[in-house]
1. Mind listing the long-range amide H neighbours of residue 278? Cut-off is under 5 Å, sequence gap 5 or more, other chains count too, H placed in the peptide plane at 1.01 Å from N.
2. Restricting to the chain, what percent of DSSP beta bridges are antiparallel, rounded to 5?
3. Based solely on its DSSP helices, what 222 nm [θ] is calculated for the chain when runs of n ≥ 4 H residues each add -39,500 (n - 2.57) and the sum is averaged over all residues, nearest 500 deg cm²/dmol?
4. Counting other C-beta atoms within 10 Å, which of 118, 147, 437 has the fewest, and how do the rest follow?
5. Taking only complete DSSP H runs, can you tell me which helices of the chain stretch 15 Å or more along their own long axis by Cα positions and average at least -0.5 on the Kyte-Doolittle scale?
6. Normalised by the residues of the chain, what does the relative contact order come to in percent, with Cα pairs under 8 Å and at least six apart?
7. Just need the Rg to Rh number for segment 225-345, please, alpha carbons only, Kirkwood Rh.
8. Name the aspartates and glutamates eligible as straight-distance cross-link partners of residue 410: C-alpha to C-alpha under 20 Å, and not fewer than 8 places from it in the same chain.
Amino acid sequence: MHSPTQSKLSAPTAAGQLSGYVTPLGAAPRSDRDSLRSAVADICRPVYFVFQNGGYAVTHDASVQIGGGEPRPDALRLAGFSGPLLPEHLGDPTFCDDHGIRYAYMTGSMANGIASVELVDAVARAGMLSFFGAAGKTVAQVTEAVERLKASLGELPFGFNLIHSPHEPATEAGVVELYLQSGIRLVEASAYLDITLPVVRYRVHGIHRDAEGKVVAPCAIVAKASRIEVATKWFSPPPEAMLARLVKSGDITAEQAELAQQIPLAQDLTAEADSGGHTDNRPALTMLPTFLALRDRLRRQYGYTMPLRVGAAGGIATPQAAAAAFAMGAAYVVTGSINQACVESGSSDTVRKMLAEAQQADITMAPAADMFEMGVKLQVLKRGTMFAMRAGKLFELYRQCGSIDEIPAKDLQMLEKTVFRAPLAEIWDKTVRFFSERDPSQIERAERDGKHKMALIFRWYLGLSSRWANLGEPTRQMDYQVWCGPAMGAFNEWVKGSSLESPENRHVVSVAQNLLYGTAVATRVGHLRSQGIRLSDDVSRVVPIEPEQLEEYFH
């Protein structure tokens with residue numbers, strides 16, 4: 001293929017469907033590669049491509065004539081153009097308006113405080129939406145995070161995670177109570193297999209009609225789903241049976257239950273594709289259109305007056321991926337794995353270095369601590385750690401054995417020496433102390449059910465493995481559980497040769513702004529290509545830029 005400066009496009013149709021002329025108003029159009037590259041990358045100004053001397057030239061300032069009519073003597077034939085495209089133009093403006101943010105960009109609530117107070121604070125101040133990773137934290141720890149963020153951010157928007165806890169329903173209910181009492185009015189609901197009473201209680205708390213008669217639900221949910229049956233429940237009104245239970249318990253009135261039938265459980269639904277942590281490894285290219293079609297169908301079915309929105313998560317780590325998501329109709333994009341590699345995350349420097357070296361093939365699936373007995377898996381980093389293999393062995397033994405006493409002697413010896421590094425009786429004592437404070441009913445059940453006791457012991461390892469990673473515990477590096485999706489490898493490939501290649505330079509806001517800026521550039525390139533503009537790779541390539549350069553687009 002010829003380079004842009006050598007392309008012999010002699011007829012207007014060779015450049016696409018455009019028929020028009022450009023009269024430069026300022027400096028003469030430039031045709032050197034640096035000018036072509038900088039013109040495409042300058043997203044604040046329109047760019048006009050013209051035919052000149054058998055190739056392309058570009059200008060920002062021009063009078064444009066589209067269609068018929070006699071051109072001016074000094075006019076040049078128009079090859080293609082793209083208007084200004086700022087980062088705040090991406091996505092659905094109603095998402096930004098409703099949540100009080102500037103950019104349709106969200107950082108997900110990675111558990112155990114990986115999405116830390118510091119990370120949420122930085123993202124919120126940059127005009128984006130961020131959620132604290134409350135899953136795995138005690139109610140006291142979440143309370144502390146609530147107090148810190150409210151004191152620091154004031155009225156700036158932010159949210160907290162609410163995770164489905166099928167084996168610890170009291171914990172889920174306790175977290176909802178905390179949020180309602182603390183005035184947390186936005187949550188990211190994750191890992192839900194079905195709708196629960198606590199999440200319904202949260203959504204309908206305080207629901208009322210305003211002075212104009214509009215139904216107002218103060219508590220908003222951004223839900224994540226990867227299955228159509230779960231997505232359907234989020235975009236549907238709260239289940240009537242659960243509303244009836246809340247009326248009976250006095251949490252809501254009969255009038256509020258009636259109003260709740262006019263709103264979706266979640267107005268915002270994130271299509272969670274192949275992501276780190278809990279995932280069904282679904283491809284975004286099929287999931288996002290499916291959820292968009294579901295949105296349209298349920299909006300018509302229930303006659304909602306409010307818009308329903310679908311966002312995209314899983315694999316969002318490069319400008320091309322984000323641009324594709326927005327082009328497909330995503331209202332917003334969500335990042336996860338790449339934020340764990342940032343200096344503000346609640347992870348350790350050791351993990352950040354491991355993530356910075358990860359490639360797309362360096363991930364695998366492993367049993368999840370919170371849904372271990374159900375066989376639910378999550379996606380983790382396999383390079384530099386043996387967690388996935390050891391966790392897989394635990395689940396294999398759990399399926400085969402009815403209790404700890406049934407574990408073969410050889411396997412038991414291996415577990416105590418390599419995985420737990422202590423007799424299982426000692427691990428059980430620690431487990432009892434943990435659940436005595438968190439949920440005593442678990443211990444009571446385990447005393448009656450040997451298989452449940454085995455599950456709790458095994459979950460001791462699964463739960464601590466992520467904490468060892470966050471703490472950077474040097475004696476346990478081979479047991480680090482690091483949630484990670486293939487997006488991490490794509491990000492590392494994209495930032496090679498830039499300052500973001502080094503873990504110590506990965507600040508969550510710089511990463512987010514580079515992605516948004518790059519997405520705008522990539523979208524522009526797509527516009528030009530659709531008009532027949534043939535750009536060489538070195539002109540159309542989107543590369544990370546330095547923080548001081550980002551200030552021009554994010555002031």
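1. 379
2. Bridges in the chain that DSSP calls antiparallel: roughly 50 percent.
3. That comes out to -12500 deg cm²/dmol.
4. Least to most surrounded, the residues fall as 437, 147, 118.
5. Details: long enough: 139-153 (21 Å, 0.35); 169-182 (20 Å, 0.31); 284-302 (26 Å, -0.11); 387-400 (20 Å, -0.21); 424-438 (21 Å, -0.39); 450-471 (32 Å, -0.05); 508-530 (33 Å, 0.59).
Those that pass (Cα extent of 15 Å or more, hydropathy at least -0.5) are 139-153, 169-182, 284-302, 387-400, 424-438, 450-471, 508-530.
6. Details: 1049 pairs, mean separation 86.1, N = 555.
Relative CO of the chain lands at 16 percent.
7. Values: Rg = 16.8 Å, Rh = 15.8 Å.
Rounded to two decimals, Rg/Rh equals 1.07.
8. Hits, sequence-local ones excluded: 396, 426.
All of the numbers you see were taken from the coordinates with simple rules; none came from a lab. Note that the structure is predicted; figures quoted are calculated from it, not measured. FYI the Cβ positions are ideal-geometry reconstructions off the backbone, even for glycines, and counts take in every protein chain you see.
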